[in-house]
Amino acid sequence: MFRFVLTAKKNRFSKDEPLAFKDFTLTYIGDRQVSSQKSPNDYIFRDFKVHIGGGGERTVSWSKEIGAANDGAAMPFGVTGVQYELELEKSKKLGKLAADELVIRAENSRF
């Protein structure tokens, strides 16, 4: 069953429970650990499936250790020509997030 949610708001998520947004559905599929020769620590990725109308899908992976999320905040991704950000742990506008909370922000959002 889908839960319809809003962008720029805190949303609770759990494994294999889809969250339906206007342009896509987001499903948390789990964490994975990746070793790196460049770091003594493993990277932990939180993986989400983005399902787009018409059967398309892609995976968005968030990690606080690398990339755009290295400040513990947002991971950008695009859907149907719109740029979004996946925020975990903390939101640029809403502050600290619980371990089971996320925020999806659209590129042109005031939030």
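With respect to Ala106, is the statement that it is at negative phi and modelled with pLDDT of 90 or more true? No, not satisfied. For region 1-16, the set of residues classified as outside any loop (DSSP other than H, G, I, E, B) and modelled with pLDDT under 90 consists of Arg3, Phe4, listed by residue number.
Taking residues in region 24-48 that are outside any strand (DSSP E or B), and partners anywhere that are modelled with pLDDT of 90 or more and of a type outside the set (Phe, Trp, Tyr), the pairs with Cβ atoms closer than 6 Å and at least 6 places apart or on different chains are Asp42/Gln33. The test for being surrounded by fewer than 19 Cβ atoms within 10 Å (Cβ to Cβ) and in contact with a Phe, Trp or Tyr (Cβ under 8 Å, 6 or more places away or on another chain) does not hold for Glu85. Under the condition of being more than 27 Å from Pro40 (Cβ to Cβ) and at pLDDT below 90, the residues counted in region 53-76 number 5. For region 81-100, the criterion of being farther than 20 Å from Lys10 by Cβ, modelled with pLDDT under 90 and assigned to a loop (DSSP other than H, G, I, E, B) is met by at least one residue.
The values are calculated or read from the model by the stated rules, or taken from the named source; none is laboratory data. All figures in this text were calculated on a predicted structure; none of them were measured in a lab. Glycine gets a Cβ as well: all are built from the backbone with ideal geometry, and neighbour counts include every protein chain shown.
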